[in-house]
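Worksheet: one structure, shown below.
Values quoted throughout were computed directly from the atomic coordinates according to the rules given, and no laboratory measurement underlies them. In this text the structure is predicted, and so the values were computed from the model without any measurement. Cβ sites come from the backbone with ideal geometry, for glycine too, and all protein chains shown count toward neighbours.
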């Protein structure tokens, strides 16, 4: 049965209208994957000798154990941002004689083959083998330790799914998780209660009593079953049936009226974002990533590398642009033929989208002004990045939209309505981020900081100046691609 | 009003539609019938510039539909589910379509008044999103939306399918009222021969992409069509 489900997945990938784009992304991700594989493998092999060299007198395994908790939290964070939830189009399977449990298990087991589960192994196994080779402890003891570590990573794998799902359902549910982690982190940092040390001591106990390795494995099983139950409960076309159908939110966004001809489209887009889960997450993400600068600005290492700050500036002010913009016009895929036969000139349609994104860039730029705290240079850079985003990046992302062939189902049942946050999404954003960084870096190195900033600013203004023409050009391209888009958006499923 | 010349559509070397010449004068109501795969939806999709013809052209009020978008302002249509925006309430949807067709709220409200009994008090003012309505009610919304803004051309693909009997009868009345004024050109496809002969002045039969019959409706038309569509059955007997 699993074999058949697997072949279904395979066909859905290769027979979809967006196979070219997906394949390109997969190849790019393959290279990145190769890079990380090598990096992790070298780190895994080198970990033992490195510790011996830099921390003489420390038992490497104990030292590593002390940092496991920190690592697990980091792992949770990057999985949250990069790992896609396992999804599958269950609707055609619902009426067939296949047990729910089978499909759910397939989906969950499939996720075990994720690259993100493979990475930690590259550290755990070489490090464990090195320990066995050095005979620091008994071989069985180290094997028990490795099993425990693998159990922990897999627990994170499944815990992430639960967290990510709650996040998409309800942003407020995330607050206790983030708050809890923050409290643990702060207590640890000020050495009030060092959870990471205690966690490490717990792991050390496995070396005394190898049978304790069963605990992380049990934890993994608990998370697995939790996921299983959760998915089985959602194995319905419409699991909202359990809840009362809520009163429709009939907010009118009347203030958009002042935009004249564009008003109906803007209203439409705001309703789209406000009333559907997936586009709504782009808003939450934008706000979340406003804090991104805090990682870079206070850090000494980056002070001499203003090119990094361009990256951060483009990212902070353009995060909504990247996440929302790259799925234009797929957001409207459910009713794309309607848009095509109604009296909607494509140029106006695109102008409205550009307007919405411009608005988001302006708002995010304003929200980022408190970074003035880190110096006027940073504020200036963020503003210039915002102008660059508006002038150059918005037309680029709209142009890229004409390659979209993949349908987004806004009304999908909650079982699989978690497409969205994944590695591919960030990769599409890379050119938008890297081009301005390279331009700035070039001018900064050859001439000066001021010249780099000026060039970005002038580019943005020129782009704004020619926006009308750029959009006309893009509209032409949409017109030519329209038939292929209609065809692609008609296909449902992944 | 609508003219198709040398129109063909070929998919993988199979011709799915081949109309040498079809002319629909202003104000006519034309019914399109044919078995599955006859090319009805293909024809409508080409008329709405949703797919490109392999050869030939369609003119809507002398505008070549694939080259100029002017026809959109006076043509309205109803094809399949992909014509509904699920996250809007019915009112919002009507106003949105109205906005696009240069109708203000009052105009739309006035039009909706006429359909009060058609909606059967299940659609307006219920504070529900379209995605939460039943399939039949969604269909009613799509039909009425196609009538907003006094379109000169209306295209309805299988409007009778999946409607309850009361609504079918009401819909027939709506279409008849529209055709009586002789101003709106209406194109309807249907599998229901009784309904279609009742509301259309002219019936075109498609078979595997070819136009096999083109008749002006008369009391004998229904019989003629029934005989035509049961020909295979008789051959076997």
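Just a few scattered comments:
- Ordering of A:201-212, A:448-459 by burial proxy (mean other Cβ atoms within 10 Å per residue, highest first): A:448-459, A:201-212
- Average beta-carbon neighbours from other chains, 10 Å sphere, peptide B:64-74: 2
- Cα point-scatterer Debye curve for the protein assembly as shown, base-10 log of I(q)/I(0) at q = 0.06, 0.07, 0.10 Å⁻¹: -0.47, -0.62, -1.12
- Reducing region B:54-119 and region B:148-211 to their Cα centroids gives an inter-centroid distance of 16 Å.
- Helix A:306-325 axis, angle to chain A major axis (alpha carbon atoms, nearest 10°): 70 degrees
- Our note on the geometry: Cα centres of region A:196-232 and region A:350-380, 44 Å apart.
- Packing rank of A:391-398, A:365-372, A:79-86, where each peptide gets the mean count of other beta carbons within 10 Å, highest leading: A:391-398, A:79-86, A:365-372
- Peptides ranked, highest mean first, by Cβ atoms within 10 Å: ranges A:141-153, A:115-127, A:182-194: A:141-153, A:115-127, A:182-194
- Rounded to 10°, Cα long-axis angle of helix A:195-208 versus longest principal axis of chain A: 40 degrees
- Residue by residue along B:42-52, Cβ atoms of other protein chains within 10 Å of the local Cβ number 3 on average.
- Shape index of region B:1-83: Rg/Rh, with Rg the Cα radius of gyration and Rh the Kirkwood radius from the inverse mean 1/r over Cα pairs, equals 0.94.
- Rounded to 5, percent antiparallel among DSSP beta bridges of chain B: 55 percent
- Within the protein assembly as shown, helix-based [θ] at 222 nm, where runs of 4 or more DSSP H residues each add -39,500 (n - 2.57), nearest 500: -19000 deg cm²/dmol
- Å³ per residue enclosed by the Cα convex hull of chain B: 140 Å³
- Two-decimal ratio, region B:80-151, of alpha-carbon radius of gyration to 2.2 N^0.38 Å: 0.99
- Per-selection Rg to Rh, region B:46-169 - Cα, Kirkwood hydrodynamic radius: 0.99
- Normalised contact order of chain B, rounded percent, pairs of Cα under 8 Å and 6 or more residues apart: 28 percent
- For region A:15-235, convex hull of alpha carbons as volume per residue, Å³: 159 Å³
- Other protein chain Cβ atoms within 10 Å, averaged over every residue that makes up A:327-339: 4
- Percent of Cα pairs exceeding the 33 Å cut-off, where the set is region A:254-490: 19 percent
- The fraction of all Cα pairs in region A:59-151 landing in successive 10 Å bins from 0 to the largest distance is 13, 34, 25, 17, 8, 2, given as whole percents.
- Principal-axis tilt of helix A:376-388 within chain A, Cα atoms, nearest 10 degrees: 60 degrees
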